[in-house]
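The values are calculated or read from the model by the stated rules, or taken from the named source; none is laboratory data. Here the structure is a predicted model, which is why all the values come from computation and not from measurement. Here the Cβ positions follow ideal geometry from the backbone for every residue, glycine too, while neighbour counts run over all protein chains shown. Protein only, heavy atoms only, side chains kept; ligands, DNA and RNA dropped before computing areas. Shrake-Rupley method; radii C 1.70, N 1.55, O 1.52, S 1.80 Å.
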Amino acid sequence: MNSMYRTAAATALGGVLLCSTVACSSTQSTDSAASPSASSSSVGMSPVAAIKRASDKNEKITSLSYTMEGKVPGEGTVKGDVAMSMKPPAMRMKMAGELEGEQQEIEILLTSDGMYMGGDSAAADPEMDGKRWLKFPMGSLEEMSAQGGENPLGAMSSQVDRNPADESASLALAEDLKKVGEESVDGVKTTHYTGSLPLSAMQEELKGLDAETKKKREKSLKAYEDMGIDKLTMDMWIDGSDRTKQFRTRATTKAGPLDMTIKFVDYNKPVEIKAPPASEVADLGEMMNGSEAS
């Protein structure tokens with residue numbers, strides 16, 4: 001398989017994990033409900049109360065869009081634009097960054113039948129017969145994992161369809177959580193909070209969760225553990241509607257520093273993701289079957 005795709009998968013995982021594990025209670029709305037000024041209620045309340053109020057906003061999120069920018073351990077810098085729907089699960093991620101020492105652009109699509117990864121250099125790979133997209137069928141990925149084989153997408157295949165708001169309340173567990181002050185993010189007035197949180201505290205929190213939520217968060221924590229992370233440093237900017245406008249996560253991993261900033265653009269707006277034309281797709285499942293038969 002083209003190493004570009006393996007690297008892109010790891011890079012995308014960094015951005016998606018950051019958004020899906022700890023921070024993103026919701027986004028800055030484009031409607032009139034989102035005030036450009038910091039809310040008087042959040043300014044006066046305690047940091048823990050402000051984080052929890054923002055976290056409560058995530059319950060009705062059905063879709064969202066955001067940008068991400070930062071450094072991914074072992075991969076380099078990356079920028080991306082993401083639109084995703086939680087029900088039904090779907091995602092479109094466009095990324096540009098330094099992959100394997102070269103500037104490249106990657107697009108990732110998640111649909112009901114699988115994950116697609118495409119890039120201009122795909123046509124140069126003889127294994128793909130000049131086709132632009134590589135399809136990772138979910139069934140094939142699950143079968144590989146069940147048989148003890150290597151999933152080419154690693155933990156990403158279980159993370160991309162997750163609501164990035166799922167675990168925003170975790171920041172409230174930080175013992176050193178504090179309010180930094182009032183700051184402007186892209187012209188929006190926000191209140192900035194920061195804190196550090198060991199993974200052990202997030203693991204302890206699992207005990208009080210329902211089975212479905214616990215299962216989702218366990219996958220995220222496992223991915224962080226695999227990266228060698230034991231503590232996360234988080235910064236959260238909450239706007240006047242008690243919604244997260246920006247979130248930054250930093251950590252030290254086995255492969256180097258992790259530093260990713262997420263900015264939210266919109267939420268609860270229709271997101272439609274279509275699979276690429278079949279004529280432009282090389283199917284990983286078929287490639288695997290062909291390899292086994294030869």
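Assorted remarks:
- Conditions (1) modelled with pLDDT of 90 or more; (2) more than 23 Å from T62 (Cβ to Cβ): number failed by L153: (1)
- Residue in the stretch 116-125 that is within 27 Å of K71 (Cα to Cα), open to solvent by less than 10 Å² (accessible area, probe 1.4 Å) and modelled with pLDDT under 60 present: yes
- A search for C-beta distances below 8 Å between a residue of the stretch 199-215 that is within 12 Å of A174 (Cα to Cα) and any residue that is aliphatic (A, V, I, L, M) and modelled with pLDDT under 80, counting only pairs 6+ apart in sequence or on different chains, returns M202/V22.
- Boolean, S184 is more than 18 Å from the chain's Cα centre (by Cα) and in a strand (DSSP E or B): yes
- The condition (being touching a strand residue (DSSP E or B) at 6+ places or on another chain (Cβ under 8 Å) and basic (K, R)) is satisfied by just one residue among K189, K207, K215, K222: K189.
- Checklist (1) part of a strand (DSSP E or B); (2) at pLDDT 75 or above applied to E98, failing item: (2)
- Residue within the stretch 192-205 that is under 25 Å from S85 (Cα atoms), outside any strand (DSSP E or B) and open to solvent by less than 20 Å² (accessible area, probe 1.4 Å) present: no
- Residue within the stretch 232-239 that is in contact (Cβ under 8 Å) with a residue 40 or more places away in the chain and outside any strand (DSSP E or B) present: no
- Selection from the stretch 240-285 of residues that are acidic (D, E) and part of a helix (DSSP H, G or I): E280
- Screening L209 with (1) of a type in the set (A, V, I, L, M, F, W, C); (2) out of contact with any Pro (no Cβ under 8 Å at 6 or more places or on another chain); (3) open to solvent by less than 40 Å² (accessible area, probe 1.4 Å) gives one miss only, at (3).
- Going through (1) at pLDDT 90 or above; (2) touching a helix residue (DSSP H, G or I) at 6+ places or on another chain (Cβ under 7 Å); (3) buried (at least 17 other Cβ atoms within 10 Å of the Cβ) one by one, K179 falls short only on (3).
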